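None of the figures in this text is laboratory data; all of them are computed from the coordinates on show. The structure presented is a predicted model; accordingly, all values stated were derived computationally and were not measured. Glycine gets a Cβ as well: all are built from the backbone with ideal geometry, and neighbour counts include every protein chain shown.
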Amino acid sequence: MKDALRSLGLSEGDVVMIHASMRAVGGEADALLDSILHVIGPSGTAVMLLGADPDEPFDRLETEVDVEDMGVLAEVFRVRAGDNVSDHPAARFAAIGPLADALVRDPPLHHYYGPRSFLERLLAGHVQVLRLGANIDTITLIHHAEYLADVADKREVTRRYERAAGGPVDITSLDDTDGIKSWAGGDYFTVLTQDYLATNRARVGSVGGCRAELIDGADLIAFAVDWLSREL
């Protein structure tokens with residue numbers, strides 16, 4: 001698996017955001033995470049979106065990942081990351097590596113994928129997106145492009161989240177569930193990603209039993225901003 005990741009283009013010192021389906025990859029989640037961390041080495045940083053179980057009050061360290069929604073690797077990653085987990089009930093991320101603390105510290109409560117967000121910080125670190133058999137509509141980084149795109153009347157939502165300490169909190173953001181605007185083609189996340197992959201700018205290979213893609217984060221964001229500005 002380490003050789004496959006290197007052949008894909010992952011290398012020492014990389015900042016990598018992981019989206020993976022263990023059903024597609026095969027094997028054990030711990031072994032996959034070990035392989036990724038070995039390839040990027042002690043100078044590299046790995047990150048994942050964790051989310052949280054919406055049916056229980058949120059605690060950044062204690063609340064387990066909803067593995068049915070986020071996958072088993074995210075829960076393995078949460079445990080391995082230790083204290084390097086962001087305190088945000090709507091957008092909890094974890095990071096492992098030298099950039100971890102700077103990435104997860106003090107996330108903005110509102111518009112948590114926009115300015116000063118974890119995603120903006122990732123882009124400053126020249127992030128690569130590693131897709132290992134994950135659903136095509138799950139590249140979280142594209143949510144940052146929704147903030148940058150020149151689109152009129154972007155849809156906002158305010159949702160209430162329960163916290164284990166401090167009680168409920170109302171959080172406002174662009175709509176990251178149904179999209180920032182209705183689009184005639186339906187789920188624009190899927191079509192946008194398919195269009196990007198059709199440009200052949202991603203590195204493509206196999207890791208375990210699945211198709212793997214390594215995508216330059218800045219290139220994806222530039223493409224997504226142009227796509228959203230044109231299509232929406």
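Among the candidates 176, 170, 216, which residue alone is touching a residue at least 12 places away in the same chain (Cβ under 8 Å), surrounded by fewer than 16 Cβ atoms within 10 Å (Cβ to Cβ) and either touching a strand residue (DSSP E or B) at 6+ places or on another chain (Cβ under 6 Å) or of a type outside the set (S, T, N, Q) (or both)? Walk me through how you get there before you give the answer.
Numbers: 176 fails: surrounded by fewer than 16 Cβ atoms within 10 Å (Cβ to Cβ); 216 fails: surrounded by fewer than 16 Cβ atoms within 10 Å (Cβ to Cβ).
After applying the criteria, what remains is 170.
Every residue in the stretch 57-72 that is in contact (Cβ under 8 Å) with a residue 40 or more places away in the chain, of a type outside the set (Phe, Trp, Tyr) and outside any helix (DSSP H, G or I), please. Let's see the steps before the verdict.
Within the stretch 57-72, the first condition is being in contact (Cβ under 8 Å) with a residue 40 or more places away in the chain, and the residues that meet it are 57-59, 62-63, 71-72.
Then keep just the ones that are of a type outside the set (Phe, Trp, Tyr); that gives 57, 59, 62-63, 71-72.
Listed by number, the residues that qualify are 57, 59, 62, 63, 71.
From the list 146, 62, which one is surrounded by 20 or more Cβ atoms within 10 Å (Cβ to Cβ), of a type in the set (D, E, K, R) and over 20 Å from residue 212 (Cβ atoms)? So that I can check it myself, show each step before the final result.
Numbers: 62 fails: surrounded by 20 or more Cβ atoms within 10 Å (Cβ to Cβ).
Residue meeting the stated conditions: 146.
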Legend entry - In the stretch 36-49, residue surrounded by the most Cβ atoms within 10 Å (Cβ to Cβ) [restricted to those that are over 19 Å from the mean Cα position of the chain (by Cα) and part of a helix (DSSP H, G or I)]: 39
Legend entry - Qualifying residue in the stretch 73-83 (condition: outside any helix (DSSP H, G or I), surrounded by 16 or more Cβ atoms within 10 Å (Cβ to Cβ), under 14 Å from the mean Cα position of the chain (by Cα) and charged (D, E, K, R)): no
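Take the residues in the stretch 84-107 that are of a type outside the set (A, V, I, L, M, F, W, C) and buried (at least 17 other Cβ atoms within 10 Å of the Cβ); name whichever of them is farthest from residue 147 (Cα to Cα). Don't jump to the end; show me each part of the working.
Quick first cut of the stretch 84-107, residues of a type outside the set (A, V, I, L, M, F, W, C) only: 84, 86-89, 92, 97-98, 101, 105-107.
Adding the requirement that they be buried (at least 17 other Cβ atoms within 10 Å of the Cβ) leaves 84, 86, 88-89, 92, 97, 107.
On the way: 84: 25, 86: 20, 88: 19, 89: 20, 92: 19, 97: 27, 107: 16 Å.
Top of the filtered list is 97.
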Inset, instruction - Take the stretch 140-157 and flag every residue that is of a type outside the set (Gly, Ala, Ser), assigned to a loop (DSSP other than H, G, I, E, B), in contact with a helix residue (DSSP H, G or I) (Cβ under 8 Å, 6 or more places away or on another chain) and under 17 Å from residue 178 (Cβ atoms). - result: 140, 151, 154
Inset, instruction - Look at residue 52 and say whether it is outside any helix (DSSP H, G or I) and within 16 Å of residue 127 (Cα to Cα). - result: no
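Report whether or not residue 130 is surrounded by 16 or more Cβ atoms within 10 Å (Cβ to Cβ), of a type outside the set (D, E, K, R), under 13 Å from the mean Cα position of the chain (by Cα) and part of a strand (DSSP E or B). Can you show your working first?
On the way: surrounded by 16 or more Cβ atoms within 10 Å (Cβ to Cβ): yes; of a type outside the set (D, E, K, R): yes; under 13 Å from the mean Cα position of the chain (by Cα): yes; part of a strand (DSSP E or B): yes.
So residue 130 fits the description; yes.
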